[in-house]
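Visitor: Structure in structure tokens, see below.
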């Protein structure tokens, strides 16, 4: 069984398997929109491989991180902008 990590998504602590991407952790927590477009429309992961940039979130205070390209680490703080 994979080791479990604890991360915070928008202030809520969740437990996830080691090796889980930030995008997968967010979607597993039933958060569908990760950010808003300039028009205010909700945006979320599209490609899952870092090309579309629709999955950008703030991780540990660093903005515009592609959540599909980053594996979660224990204690990580993730914030969506939606």
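The values are calculated or read from the model by the stated rules, or taken from the named source; none is laboratory data. As the structure is a prediction and not an experimental result, all values here were calculated from the model. We place every Cβ from the backbone using ideal geometry, glycine too, and count neighbours over all the protein chains shown.
Visitor: Look through 34, 27 and report the one residue that is closer than 13 Å to residue 67 by Cα, without any contact (Cβ under 8 Å) to a residue 40 or more places away in the chain and within 10 Å of the chain's Cα centre (by Cα).
Guide: 27
Visitor: Test residue 61 against the stated conditions and say whether it is surrounded by 13 or more Cβ atoms within 10 Å (Cβ to Cβ) and at positive phi.
Guide: no
Visitor: Only one of these conditions is not met by residue 68: (1) touching a strand residue (DSSP E or B) at 6+ places or on another chain (Cβ under 7 Å); (2) in a loop (DSSP other than H, G, I, E, B). Which number is it?
Guide: Single failed check for residue 68: (2).
Visitor: Among the residues of the range 1-36, write down those that are surrounded by fewer than 17 Cβ atoms within 10 Å (Cβ to Cβ), modelled with pLDDT under 95 and assigned to a strand (DSSP E or B).
Guide: Of everything in the range 1-36, those that are surrounded by fewer than 17 Cβ atoms within 10 Å (Cβ to Cβ), modelled with pLDDT under 95 and assigned to a strand (DSSP E or B) turn out to be 4, 36.
Visitor: I'm trying to understand the selection: among the residues of the range 37-51, which are part of a loop (DSSP other than H, G, I, E, B) and within 17 Å of residue 69 (Cα to Cα)?
Guide: Matches in the range 37-51: 44, 45, 46, 47, 48, 49, 50, 51.
Visitor: Taking residue 12 and the conditions (1) without any contact (Cβ under 8 Å) to a residue 24 or more places away in the chain; (2) under 13 Å from residue 76 (Cα atoms); (3) touching a strand residue (DSSP E or B) at 6+ places or on another chain (Cβ under 8 Å), which numbered condition does it fall short on, given that it satisfies the others?
Guide: Tallying (1) without any contact (Cβ under 8 Å) to a residue 24 or more places away in the chain; (2) under 13 Å from residue 76 (Cα atoms); (3) touching a strand residue (DSSP E or B) at 6+ places or on another chain (Cβ under 8 Å), residue 12 fails exactly one: (3).
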